[in-house]
Amino acid sequence: MEVNILVGGAAGQGMDTVMNLLGKSLVREGYGLIYTKDYMSRVRGGHNFSTLRIAGGTPWTTVHSVDIMVALNEETYKLHHHKLAPSGRVIYDPEVFTLPEEEDRGVAIELKKLAEEAGGKVMANTVAVGTLLVLLGMESNTVEELLEETFKEKEGMAGKNVNALKAGMAAAEKFCSACFPLPPKNEDSQKLFIDGNQVLGMAALGSGCRFLSAYPMTPSTGVMNYLAEKSKDYPVVVEQAEDEIAAINMALGASYSGVRSLTCTSGGGFALMVEGLSLAGMIETPLVIILAMRPGPATGLPTRTEQGDLEFSIHGGHGEFPRAVLAATSHEDAFYRLNKAFELADRYQVPVIFLSDQNFADTHRSVEPFDFSRLGYNRHLVEEGGYEKPYKRYRLTESGISPRAIPGQFPGETVLVDSDEHDQNGNIIESAEERNQMSAKRMRKLKALAEEMDEPDLYGDPRPETLLIGWGSTYGVLRETIDALSASGLKVAMLHFSDIWPLPQKRLRSLLPEVRLSCCVENNATGQLASLIRRETGLTVDKRINKNDGRPFMPDEIIKEVEKYHES
Amino acid sequence: MKADHFLLGETAWCPGCGNFPIREALAGALAELDLPPEQVLICSGIGQAAKMPHYIKANGFNGLHGRALPPALGAKIANKSLKVIVSSGDGDSYGEGGNHFIHNVRRNPNLAHFIHDNQVYGLTKGQASPTSDPGMVTGVQVNGVINPALNPLALALVLGSGFVARCFSGEKEHLKETMKAAINFEGYALVDILQPCVSFNKYNTYKWYKDRVYFPEVSDPTDWSAAMDLARQWGDQIPLGIFYNAPRPTFEDSLEVLSGEPLAKRPFEPNDVAGVQNEFL
Ligand SMILES: Cc1ncc(C[n+]2csc(CCOP(=O)(O)OP(=O)(O)O)c2C)c(N)n1
Ligand code: SF4
Ligand SMILES: [Mg+2]
């Protein structure tokens, strides 16, 4: 049992208000859900829509079919009515447009008029929420509670919104009441209603990140917004840099000077950062970069999703230096994994790139509260007595990791870092011998770093005949795909990567040669992980299932491809 | 403390280069201000001037070409107790790093920015820099520089810099005193230092500068228009001195989170912030 709701309209019509209010109340009441956004790169007009799926547990992905559509304009109806279930309903404002005569699923609610009567037309969305409550057979108390919380600083607004809500409810009664029964609640625990960028921002805060410098770029900006808001109450500084070059160099300065630092961007900004990335490698200064991918090349599709920068993140930056690349898979995992990125950066004194994408960043899900006691804050700074005097920043060591001190840590000792090749003290050198020593020292870190990488998650049949391989934000859609294919009798499993570079290989090497069909599913044009696997292991993935139209995969699309290969 | 205490290493500069007096003046300024080397951070980009962190005993961040200011700002935010000095070239500061120059003047962090302005790209062997005078012929500007020179002092004044000075590396004592004032200034302090490059700038030589520089009387260093008049003088007469000295609130002062202990010194325990997730319930 599940209910799928689509709210659509022009940019600026407030689809988010509806979804946030409804979504959060549903989660508070114990329902499991996912809510995704499809929006255009404009502030007004165009067509945007959001999808909410309520299902048992926490659903992993949204689906095509729609049970209730809230069409804030006619375009929404025209674009999406083909997805509407035969028993579905369309909530619309008859003053805005009229439905075709043959359409008998309409729920005509005078959204604007009722809102005006309640105190202002901005509350039209609250009226719509009221109508949705009735269709879903819900009481209004949780939404009312949320409205009180939201407007506690705005005199009278909560009351007006409650009136709007009630008006929407009253108007809906005559159409259908509780005609979309909700799935059973999850009674176990209270869940968070949170999106990917908020998960990452919160993980950064919980990891002790004290500085974020970034230049706004969709879809990474939510991380900036989150931490900026928190800087009012927590010791974290968020600085909007003049460009991404400044952003990464500022973050490196702050990290060198002793605080956990972060920058976040998307592909175009990362392109500007790569000289700084290489600098991080050279000066061995910890840094975490969140790269929230969107379709390229160039400005591409600014508000949409893609996994097109995997190779770029592994190879970006001139010269050779160790780095780690991790990815956001699910909200549940990404929280701890971003902490791992900070821990690895500090431990190995390397840059760590954390890949996210619009699909992950903008998607809300209901998830268990996070366990902050699982987060690490190990700075690996050298302590008094723990280093050879005089202090040298780039002491040659067996592991390649030199004891790191920060400026001002020890009286009489200074810390020198240099983007030129340098000696143990950090001074410029050009001798071949010292160059070799330093380069080898840096590269030695890679060995232990590689051992830190988690093997890809294996889900499904433990002895699969068909193996789907993926990475990053496709985790959810692949899980639902595996469930559906398993139910149809296939012996199928998925191998899903969250730690990507250095590439963990054990499971790949044991599984890939054993399966009859392997498919790498990627939101890009060329199959970058499949190529990487080939390069690193010599093993070939049989088929590449790709999609790069800027939209995330839906389970049925993958299922169709897999079945096609099975038939041939 | 003696200036010698801060002099370090063997320089890679050409004999007779105008960078030597700058280094001596900086060492002298740090010594006279009695700053322990571990409390000082020198940031630079890439170029001949930018090698300074290797030649002065202090913490050093010798970063990328054009990118001296961003790490300096980051380092200051992380540990505001450090005295942060940026010592870099004209190409580095005004060319490749021009955007950072503009925006850090606006930010007004507590940094002293010393620009070794030799009006040329020294390290890459003599191409024009943003401050090269029109007409200067180089291997790239083969018909002479055609663009008017950038006026860093006027630009800084327009952007709201609270401290704007011009020095000449041939006037070492004045340079040292100006550096001290800049280091002690609360906010972004710009000192553009005329620095002869004996190898590549055959126009703006020691003699060329010596014949032109003079010390005007600055009766009111908070008079912006008077400062602007001095900043715009160039040619037969080149004024030296602190043209403008009028502090305004610094970047750090405007950030409430920075009051109290430097960020880098504050302890942290992840569990202490667990309550932050309650807003999502
Ligand atoms: C990204 C980048 N571009 C170009 C260079 C080459 N480069 C090094 S120093 C320099 C110019 C230096 O001029 P300036 O900053 O005036 O320093 P000077 O050598 O004159 O002291 C250039 C173009 C570089 N190192 N990095
Ligand atoms: S090239 Fe010019 S600036 Fe560089 S060291 Fe030689 S004289 Fe000095
Ligand atoms: Mg120069």
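The values are calculated or read from the model by the stated rules, or taken from the named source; none is laboratory data. Since we're looking at a predicted model, the values are computed, not measured. Cβ placement follows ideal geometry from the backbone for every residue including glycine, while neighbour counts extend to all protein chains displayed. SASA here: full protein model, heavy atoms, side chains in, ligands and nucleic acids out. Shrake-Rupley method; radii C 1.70, N 1.55, O 1.52, S 1.80 Å.
For the range A:140-167, filtering for residues that are hydroxyl-bearing (Ser, Thr, Tyr) and either open to solvent by 70 Å² or more (accessible area, probe 1.4 Å) or farther than 18 Å from A:ASN125 by Cβ (or both) leaves 1. What about B:PRO239, is it open to solvent by less than 20 Å² (accessible area, probe 1.4 Å), within 16 Å of ligand 2 (Cβ to nearest atom) and in contact with a Phe, Trp or Tyr (Cβ under 7 Å, 6 or more places away or on another chain)? No; evaluated as a whole, the condition is false for this residue.
Against the condition at negative phi, within 16 Å of ligand 2 (Cβ to nearest atom) and surrounded by fewer than 17 Cβ atoms within 10 Å (Cβ to Cβ), how does B:TRP208 come out, does it pass? If you could, list the steps in order and put the result at the bottom.
On the way: at negative phi: yes; within 16 Å of ligand 2 (Cβ to nearest atom): yes; surrounded by fewer than 17 Cβ atoms within 10 Å (Cβ to Cβ): yes.
So B:TRP208 passes the test.
Considering only residues that are crowded, with 24+ Cβ neighbours inside 10 Å, in contact (Cβ under 8 Å) with a residue 24 or more places away in the chain and of a type outside the set (A, V, I, L, M, F, W, C), which ones fall in the range B:56-78? Selection gives B:GLY66, B:ARG67, B:PRO70, B:PRO71, B:LYS76. Can you pull out the residues in the range A:404-439 that are open to solvent by less than 40 Å² (accessible area, probe 1.4 Å) and away from chain B (no Cβ under 12 Å)? Answer for the range A:404-439, where residues must be open to solvent by less than 40 Å² (accessible area, probe 1.4 Å) and away from chain B (no Cβ under 12 Å): A:ARG404, A:MET438, A:SER439. Taking (1) free of Cβ contacts under 8 Å to residues at least 60 places away in the same chain; (2) open to solvent by less than 30 Å² (accessible area, probe 1.4 Å); (3) part of a helix (DSSP H, G or I) in turn, A:THR76 satisfies each apart from (1). Within the range B:6-24, the residues that satisfy the criterion of being in a helix (DSSP H, G or I) and either within 16 Å of ligand 1 (Cβ to nearest atom) or under 24 Å from B:LYS76 (Cα atoms) (or both) are B:PHE6, B:ASN19, B:PHE20, B:PRO21, B:ILE22, B:ARG23.
The set of residues in the range B:110-137 that are within 13 Å of another protein chain (Cβ to nearest Cβ), more than 16 Å from ligand 2 (Cβ to nearest atom) and surrounded by fewer than 24 Cβ atoms within 10 Å (Cβ to Cβ) is empty. Against the conditions (1) modelled with pLDDT of 95 or more; (2) outside any helix (DSSP H, G or I), B:PRO53 satisfies every one except (2). Among all residues of the range A:285-307, there is none that is in a helix (DSSP H, G or I) and either surrounded by fewer than 24 Cβ atoms within 10 Å (Cβ to Cβ) or in contact (Cβ under 8 Å) with a residue 12 or more places away in the chain (or both).
Contact map, the range B:181-195: first residue small (Gly, Ala, Ser), second residue open to solvent by less than 10 Å² (accessible area, probe 1.4 Å) and within 16 Å of ligand 1 (Cβ to nearest atom), Cβ cut-off under 6 Å, separation 6 or more or different chains; pairs are B:ALA182/B:VAL191.
For the range A:168-183, the tally of residues that are assigned to a loop (DSSP other than H, G, I, E, B), aliphatic (A, V, I, L, M) and either in contact with a Cys (Cβ under 6 Å, 6 or more places away or on another chain) or crowded, with 21+ Cβ neighbours inside 10 Å (or both) stands at 0. In the range A:499-536, the qualifying residues are those that are under 23 Å from A:GLN358 (Cβ atoms) and β-branched (Val, Ile, Thr), and the one that is surrounded by the fewest Cβ atoms within 10 Å (Cβ to Cβ) is A:THR526. If the condition is being part of a loop (DSSP other than H, G, I, E, B) and among the charged types (D, E, K, R), then the range B:206-237 contributes B:ASP211, B:ARG212, B:GLU217, B:ASP220, B:ASP223, B:ARG232, B:ASP236. Residues in the range A:222-241 that are open to solvent by 10 Å² or more (accessible area, probe 1.4 Å) and in contact (Cβ under 8 Å) with a residue 24 or more places away in the chain: A:GLY222, A:MET224, A:ASN225, A:TYR226, A:LYS230, A:TYR234, A:PRO235, A:VAL238, A:GLU239, A:GLN240. Against the criterion of being more than 14 Å from every other protein chain (Cβ to nearest Cβ), open to solvent by less than 10 Å² (accessible area, probe 1.4 Å) and either closer than 30 Å to A:VAL27 by Cβ or of a type in the set (A, V, I, L, M) (or both), A:ALA280 does not qualify.
Quickly run through the range A:242-254 and pick out the residues that are open to solvent by less than 10 Å² (accessible area, probe 1.4 Å), among the aliphatic types (A, V, I, L, M) and within 7 Å of chain B (Cβ to nearest Cβ).
If we filter the range A:242-254 for residues that are open to solvent by less than 10 Å² (accessible area, probe 1.4 Å), which is where we start, we get A:246-254.
So of that shortlist, the ones also among the aliphatic types (A, V, I, L, M) come out as A:246-248, A:250-252, A:254.
If the condition is that a residue be open to solvent by less than 10 Å² (accessible area, probe 1.4 Å), among the aliphatic types (A, V, I, L, M) and within 7 Å of chain B (Cβ to nearest Cβ), then A:ALA246, A:MET250, A:ALA251, A:LEU252, A:ALA254 are the ones that fit.
Among the residues making up the range B:25-49, those that are surrounded by 18 or more Cβ atoms within 10 Å (Cβ to Cβ), part of a helix (DSSP H, G or I) and more than 10 Å from chain A (Cβ to nearest Cβ) are B:ALA25, B:LEU26, B:ALA27, B:GLY28, B:ALA29, B:LEU30, B:ALA49. Listed conditions (1) free of Cβ contacts under 8 Å to residues at least 24 places away in the same chain; (2) surrounded by fewer than 16 Cβ atoms within 10 Å (Cβ to Cβ) are all met by A:ILE482, apart from (2).
The number of residues in the range A:45-72 that are surrounded by fewer than 18 Cβ atoms within 10 Å (Cβ to Cβ) and not in a strand (DSSP E or B) comes to 4.
For the range B:103-123, the candidate set comprises residues that are in contact with a helix residue (DSSP H, G or I) (Cβ under 6 Å, 6 or more places away or on another chain) and more than 20 Å from B:ILE183 (Cβ to Cβ); within that set, the residue that is nearest to ligand 3 (Cβ to nearest atom) is B:TYR121.
Is it true that some residue in the range B:57-78 is within 9 Å of ligand 1 (Cβ to nearest atom) and farther than 28 Å from A:GLN409 by Cβ? There is at least one residue in the range B:57-78 that is within 9 Å of ligand 1 (Cβ to nearest atom) and farther than 28 Å from A:GLN409 by Cβ.
Taking the range A:319-340, which residues are under 10 Å from A:PHE354 (Cβ atoms) and either open to solvent by less than 10 Å² (accessible area, probe 1.4 Å) or modelled with pLDDT under 95 (or both)?
Hits for the range A:319-340 are A:ALA324, A:VAL325, A:LEU326, A:ALA327, A:ALA328, A:ALA334, A:LEU338.
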